[in-house]
Amino acid sequence: MEKRLVILGSTGSIGTQTLEIVRENEDLSVVALAAGSNTTLMERQIREFKPRFAVMYNEAAAKELALATADLDVTVLSGMDGLIEISRLEEYDVLVTAIVGMIGIRPTIAAIECGKTIALANKETLVTAGHIIMPLSKKHNAPIYPVDSEHSAIFQSLQGMPRESLEKILLTASGGPFRGRKTAELADITVEDALKHPNWSMGRKITVDSATLVNKGLEVIEAKWLFGVDLDQIEVLIHPQSILHSAVQYRDGGIIGQMGVPDMKLPIQYAIFYPERRGMNTTRVDLTALGAMTFEKPDEEVFLGLPLAKKAARIGGSMPTVLNAANERAVALFLDHKIKFLEIYEIIQAAMEQHSPVNNPGVDEILAAEAQTYEFIEGRF
């Protein structure tokens with residue numbers, strides 16, 4: 001049976017890999033694509049995949065795209081209204097939400113309210129609004145399948161097992177490019193150094209997040225919501241080889257995990273076709289060539305992204321939004337060479353300290369906390 005997709009963030013890393021999967025599977029089609037401002041790539045995607053709708057979040061980019069595709073049968077929309085409109089379309093099955101940032105929250109809610117299946121790659125949706133999203137998903141019978149490699153691995157490791165038999169989630173991390181270094185050695189890290197991830201090919205922001213371990217902290221919060229566990233049931237393990245993508249420890253002491261080469265196409269494809277495991281032309285793990293896999297505890301005294309995220313999660317309410325927004329702005333400043341690597345942590349800490357958390361915030365309050373955090377940071381840098 002054909003599966004019809006709407007892809008939010010089609011010009012980014014996850015979006016382009018999703019379209020590779022569409023290319024390789026004749027029973028997949030694209031109803032709508034959405035992106036921020038990359039009109040050149042979006043035009044190419046429209047000409048190849050022939051969606052009925054395309055959205056550019058940037059209004060000027062939408063006008064430019066409409067002119068470039070005037071010869072095609074495609075409706076070009078813009079902004080948040082456009083994202084919500086395509087998320088509510090009747091004629092599709094799976095929303096792949098790979099758009100970066102909190103702009104992913106409202107379209108995801110719109111799709112859930114329409115009972116759509118969500119292939120979730122947008123971290124911010126659960127980090128900041130997990131308390132809204134998960135009950136809504138249950139209410140509207142709209143399943144959420146994780147696209148993140150670690151959360152997909154946990155999801156795969158839970159198949160066929162009752163949730164109450166879960167004892168602990170083992171969430172793996174490569175450790176990033178600076179694993180083993182001390183704080184003093186991170187003082188003069190350059191942007192170029194931070195973007196050299198040892199195992200994964202990802203976007204610039206998420207690669208920096210991996211270096212600070214903020215990314216792993218956000219994943220801890222995501223896992224808490226996705227799998228309905230307490231923070232104390234999530235253990236982060238540094239696993240430099242990135243072959244075991246995560247695992248579940250059960251009450252009898254047994255551990256079930258998912259292994260594979262570092263390739264995002266596997267979790268994307270698994271989320272789209274679940275519960276089917278479809279063939280895929282990808283490199284296989286050669287365990288004899290690998291020889292050994294190693295595991296160690298994360299250094300939370302040096303890589304403060306993880307303890308800061310845990311603190312935000314324990315406080316709850318609007319605090320994870322502040323963590324996320326402060327990190328987003330701090331990483332942007334770092335990538336623009338305006339601050340040093342370790343100042344990312346300082347900015348996050350300062351933003352969290354000045355914030356008075358709101359319990360059980362609605363979407364408007366979440367977005368207000370984000371805006372207030374941006375304003376606080378702009379007043380300082």
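A 22 angstrom limit on the alpha carbon distance is what I want to check against. Which of Lys138/Lys224; Lys116/Lys139; Lys116/Lys311; Lys116/Lys138; Lys311/Lys338; Lys123/Lys182 exceed it?
As for pairs spanning more than 22 Å Cα to Cα, those are Lys116/Lys311; Lys311/Lys338; Lys123/Lys182.
Please state the shape class of the range 192-302: rounded when a/c is under 1.5, otherwise prolate if a/b exceeds b/c and oblate if not, all from the C-alpha gyration tensor.
Rounded shape, in that the Cα axes give a/c under 1.5.
Could you give me D for the range 3-146, from Stokes-Einstein at 4 °C and 1.567 mPa s, where the hydrodynamic radius is the Kirkwood radius over C-alpha pairs? Units µm² s⁻¹, please.
87 µm²/s
Identify the chymotrypsin sites (Phe, Trp or Tyr not before Pro) of the range 231-320 meeting these criteria: DSSP loop state and at most 14 other C-beta atoms within 10 Å of the C-beta. It would help to have the intermediate numbers written out before the result.
Working: sites: Tyr250, Tyr270, Phe273, Phe295, Phe303; in loops: Phe295, Phe303.
Sites meeting the loop and neighbour criteria: Phe295.
Would you please calculate the Kirkwood hydrodynamic radius of the range 217-265 over all C-alpha pairs and express it in Å, rounded to one decimal?
Hydrodynamic radius (Kirkwood, Cα pairs) of the range 217-265 is 12.2 Å.
Give, rounded to the nearest 20 debye, the magnitude of the charge dipole that the chain has about its Cα centre when Lys and Arg contribute +1 at Cβ and Asp and Glu contribute -1 at Cβ.
The calculation lands at about 400 debye.
Restricting the calculation to Cα positions, tell me the Rg (one decimal) and the Dmax (whole number) of the range 114-271 in Å.
In Å, with Rg to one decimal and Dmax whole: 16.1, 51.
At what distance in angstrom do the alpha carbon centres of the range 246-300 and the range 29-54 lie from each other?
Comparing the Cα centres of the range 246-300 and the range 29-54, I get a distance of 31 Å.
Taking the Cβ of each residue in Asp299, Asp81 as the centre, tally the other Cβ atoms inside 10 Å and list the residues starting with the fewest.
Least crowded to most crowded, the residues run Asp81, Asp299.
Mind computing the radius of gyration and Dmax over the alpha-carbon atoms of the range 316-381? Å is fine for both.
According to the Cα coordinates of the range 316-381, Rg and Dmax are 11.6, 36 Å.
Could you list which residues have their amide H under 5 Å from that of Asn58, counting only those 5 or more apart in sequence or on another chain, with H placed in the peptide plane?
Answer set, sorted by chain and number: Gly79.
Where in the range 290-381 are there trypsin sites (Lys or Arg not before Pro) that are in a DSSP coil and have at most 15 other Cβ atoms within 10 angstrom of their Cβ?
For trypsin sites (Lys or Arg not before Pro) across the range 290-381 that sit outside H, G, I, E and B with at most 15 neighbouring Cβ atoms in 10 Å, the list reads Lys338, Lys340, Arg380.
List the trypsin sites (Lys or Arg not before Pro) within the range 144-198 that fall in a DSSP loop (any state other than H, G, I, E or B) and whose Cβ has at most 12 other Cβ atoms within 10 Å.
In loop regions of the range 144-198 (DSSP not H, G, I, E or B), the sparsely surrounded trypsin sites (Lys or Arg not before Pro) are Lys182, Lys196.
Using only the alpha-carbon atoms of the range 1-76, report the extent along each of the three principal axes, biggest first, to the nearest angstrom.
So the three principal-axis extents are 36, 25, 15 Å.
Read phi for every residue in the range 26-38 and hand back ³J(HN,Hα) as whole Hz from Karplus 6.51 cos²θ - 1.76 cosθ + 1.60, θ = phi - 60°, with x for Gly and Pro.
5, 8, 10, 9, 10, 8, 8, 10, 9, 8, x, 8, 7
Along its three principal axes, how long is the range 238-381 when you only count alpha carbons? Whole Å, largest extent first please.
54, 35, 34
So how compact is the chain: Cα radius of gyration and Dmax in angstrom?
Cα only, the chain: 20.2, 62 Å (Rg, Dmax).
Coordinate-derived values only; no laboratory data. The structure displayed is predicted, hence computed values, not measured ones. Methodologically, a virtual Cβ is constructed for each residue, glycine included, from the backbone with ideal geometry; neighbour enumeration extends over all protein chains shown.
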